Amino acid sequence: MEKSALQIERANYQPKLPKALQGAVKVREGAPTQSVDNQDEIKKLFPNTYGMPIVEFVPSDEVVNKRMNVGVILSGGQAPGGHNVITGLFDQVKKLNPENRVYGFILGPGGLVDHNYIELTKEIIDNYRNTGGFDMIGSGRTKLETVDQFEKGLEIIRQLGINAIVIIGGDDSNTNACVLAEYYAAKKYGVQVIGCPKTIDGDLKNEQIEASFGFDTATKTYSELIGNIERDCNSARKYWHFIKVMGRSASHIALECALQCQPNICLVSEEVEQKDMTLNQIVDQLCEAIAYRASKGMNFGTVIVPEGLIEFIPAIGRLIHELNDLLAAHGSEYKDLDKAAQRAYIISHLSKQNAETFETLPSGVARQLSLDRDPHGNVQVSLIETEKLLSDMCEVRLAQWKKEGKYVGKFATLHHFFGYEGRCAAPSNFDADYCYALGTSAAQLIANGKTGYMAIVKSTTAPADEWVAGGVPITMMMNIERRNGEMKPVIRKALVELDGKPFKAFAAMRDKWAKETCYVYPGPIQYWGPSSVCDKTTMTLALEQE
């Protein structure tokens, strides 16, 4: 593998570990737990893995020589730091016993089912230390949810003498890990399953999980790019830049980038939903800021738009829910129709209110809402050009205002979507350390006989050696939600809390940012230099932990 100068230097970075993980450890168990909601239903579905205690690792004098083989899976979209979870897992497994082996299943959960794997050796691992991406073993979106899959996976688990599977993924992937753990526990197969919290969207977060890995790096990468655009915007002074950022189910990325860069406008999907705003009201809000700046001679600005905004506009959200159920139940008879027939089919099968909403949408957006779902039954909102939809609607509205004498400026736009640019970035020091500690924790959970747990690291705004490592039962984070037309157990997504400190800090400043040019240019992620720069956490995490 060819390496850049940065990679060569970065490979020598030694991630920092919490004190409790630096030597031998033992487990301190807390009180029994329960799910966040629907306790009776979740307990009935997961009788063997429900109610287990939260565990914390503390230093021990007793050195453990534990014989075990471990399989590891990268599941879902890429997030910076995934390789460090695997390197932390590998180093700890080998530390527990040099004879231990780690196997990587290729291209995600499908690799377990299809028996597609490689043994991870020190030579392989050393090529990927502190690197971005998931290319060590690849990732995939196969859902582990059927008995046939579980039994097929067991065949290769038995063949390789694997004691435990570690699934590195987001909320859906860890839900699948919980289901797999329950199945193997119920069958008394002796196979442990451990999850690790990954998603750049930042929505796998709760009292026990302070941050999902990759969020720190991705938001710093996007913020560098947004800062560059702001600098150009303030130089040319003739464009409004509409910037869409990732975040289908929550606006954490948009909010963090706003806190770092201070754009003129940042839309927060959760606020749009709470205020029951329509698409037209959002456009009016944008146009008022654009018109005010134009009246001061500033025909330029920046707007950050969260990827999932469309789903949070209540009328469109209700439409999407009904469309999801309709396509889940009747997708086979719908998919082979031509475009016109598909549109007619949908309108005739929707409730009156939702049919009216569907008919008022621009044709391109309406069609996108009715196309194929992702493997989890969700609208593929990243394919909807929300940033262009908003700027087009603003252009029409401003032209109308100009005729009425309410707008005197010029409105020229440029569009950007930052998604893949951040998913595989080289991990920040925070993510490199955090992920290595998660992998080490996963190994210790296995060594201590745990299954159905997610590895966690807390107190992450403190120096790394003061972090607290352990595990939380996955069932503790679950509730029952409607997915793909059915009620299913899933991990509850964490949305932006409108009464939380990060949003309040943003809300206190946004009027000033809209009217004035207050841009901040964060620059690239720093790896070498003062700790105050290169080890700094996200502003979101710092505010939440105040």
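Of the strands (runs of 3 or more DSSP E) entirely within region 37-129, those holding at least 3 residues that are modelled with pLDDT of 95 or more, open to solvent by 20 Å² or more (accessible area, probe 1.4 Å) and within 27 Å of Leu154 (Cβ to Cβ) occupy 117-120.
Of the numbered criteria (1) open to solvent by 10 Å² or more (accessible area, probe 1.4 Å); (2) in contact (Cβ under 8 Å) with a residue 12 or more places away in the chain; (3) of a type in the set (Phe, Trp, Tyr), the one Tyr453 fails is (1). Just one residue in the set Arg158, Arg231, Arg248 is in a helix (DSSP H, G or I), of a type outside the set (S, T, N, Q) and farther than 29 Å from Tyr103 by Cα; that residue is Arg231. Only residues that are β-branched (Val, Ile, Thr) and within 24 Å of the chain's Cα centre (by Cα): list them for region 56-111, please. Correct list: Val72, Ile73, Val85, Ile86, Thr87, Ile106. Taking the listed residues Arg482, Arg492, Arg510, the one that is of a type in the set (D, E, K, R), in contact (Cβ under 8 Å) with a residue 12 or more places away in the chain and surrounded by fewer than 16 Cβ atoms within 10 Å (Cβ to Cβ) is Arg482, with no other qualifying. Residues in region 205-246 that are open to solvent by 10 Å² or more (accessible area, probe 1.4 Å) and more than 14 Å from the chain's Cα centre (by Cα): 16 in all.
Can you tell me which residue in region 170-204 is surrounded by the most Cβ atoms within 10 Å (Cβ to Cβ), limited to those that are charged (D, E, K, R) and under 18 Å from the mean Cα position of the chain (by Cα)? Step by step, filter region 170-204, then rank; the result is Lys198.
Going by the conditions given, is Ala464 within 24 Å of the chain's Cα centre (by Cα) and either under 16 Å from Gln260 (Cβ atoms) or open to solvent by less than 20 Å² (accessible area, probe 1.4 Å) (or both)?
Spelling it out, Ala464 is indeed within 24 Å of the chain's Cα centre (by Cα) and either under 16 Å from Gln260 (Cβ atoms) or open to solvent by less than 20 Å² (accessible area, probe 1.4 Å) (or both).
Of these, Ile320, Ile265, which one is within 22 Å of Glu486 (Cα to Cα) and open to solvent by less than 70 Å² (accessible area, probe 1.4 Å)?
Ile320
Here is the figure for region 286-315: residues that are polar (S, T, N, Q) and either touching a helix residue (DSSP H, G or I) at 6+ places or on another chain (Cβ under 9 Å) or under 21 Å from Ile253 (Cα atoms) (or both) total 2.
Name the residues in region 130-164 that are surrounded by 15 or more Cβ atoms within 10 Å (Cβ to Cβ) and of a type in the set (Gly, Ala, Ser), would you? Across region 130-164, the qualifying residues are Gly132, Gly133, Gly138, Ser139, Gly140, Gly153, Ala164. For region 393-421, a residue qualifies if it is open to solvent by 10 Å² or more (accessible area, probe 1.4 Å), in contact (Cβ under 8 Å) with a residue 24 or more places away in the chain and in a helix (DSSP H, G or I), and the qualifying residues are Met393, Arg397, Trp401, Glu421. Residues satisfying the criterion are present in region 224-233 (criterion: of a type in the set (Val, Ile, Thr) and under 23 Å from Cys257 (Cα atoms)). Restricting region 1-36 to residues that are over 30 Å from Asn479 (Cα atoms) and among the hydroxyl-bearing types (Ser, Thr, Tyr) leaves a set whose member that is modelled with the highest pLDDT is Tyr13. Somewhere in region 333-349, is a residue farther than 30 Å from Met277 by Cα, open to solvent by less than 80 Å² (accessible area, probe 1.4 Å) and under 32 Å from the mean Cα position of the chain (by Cα)? Yes, the conditions are met somewhere in region 333-349.
Is it the case that region 422-436 has a residue that's in a helix (DSSP H, G or I) and more than 30 Å from Ser60 (Cβ to Cβ)? Scanning region 422-436 turns up at least one residue that is in a helix (DSSP H, G or I) and more than 30 Å from Ser60 (Cβ to Cβ).
Scanning region 305-316 for residues that are open to solvent by less than 10 Å² (accessible area, probe 1.4 Å) and either assigned to a helix (DSSP H, G or I) or free of Cβ contacts under 8 Å to residues at least 12 places away in the same chain (or both) returns Leu309, Ile310, Ile316. Number of residues in region 523-535 that are free of Cβ contacts under 8 Å to residues at least 40 places away in the same chain and surrounded by 13 or more Cβ atoms within 10 Å (Cβ to Cβ): the value is 2. Scanning region 483-506 for residues that are touching a strand residue (DSSP E or B) at 6+ places or on another chain (Cβ under 7 Å) and among the aliphatic types (A, V, I, L, M), we see that the one that is nearest to Gln545 (Cα to Cα) is Ile491.
Scanning region 464-484 for residues that are in a strand (DSSP E or B) and touching a Pro at 6+ places or on another chain (Cβ under 7 Å) returns Val468, Ala469, Met478, Ile480. Anything in region 513-522 that is open to solvent by less than 40 Å² (accessible area, probe 1.4 Å) and either in contact with a Cys (Cβ under 9 Å, 6 or more places away or on another chain) or not in a helix (DSSP H, G or I) (or both)? List them, or say none. Across region 513-522, the qualifying residues are Trp513, Cys518, Tyr519. Put simply, of Lys501, Lys458 the only residue that is surrounded by fewer than 18 Cβ atoms within 10 Å (Cβ to Cβ), modelled with pLDDT of 95 or more and more than 23 Å from Gly422 (Cβ to Cβ) is Lys501.
The values are calculated or read from the model by the stated rules, or taken from the named source; none is laboratory data. Since we're looking at a predicted model, the values are computed, not measured. With ideal geometry, Cβ positions are generated from the backbone for all residues, glycine too; neighbour counts draw on all protein chains shown. The accessibility values were calculated without ligands, DNA or RNA, using every heavy atom of the protein model including side chains. Shrake-Rupley method; radii C 1.70, N 1.55, O 1.52, S 1.80 Å.
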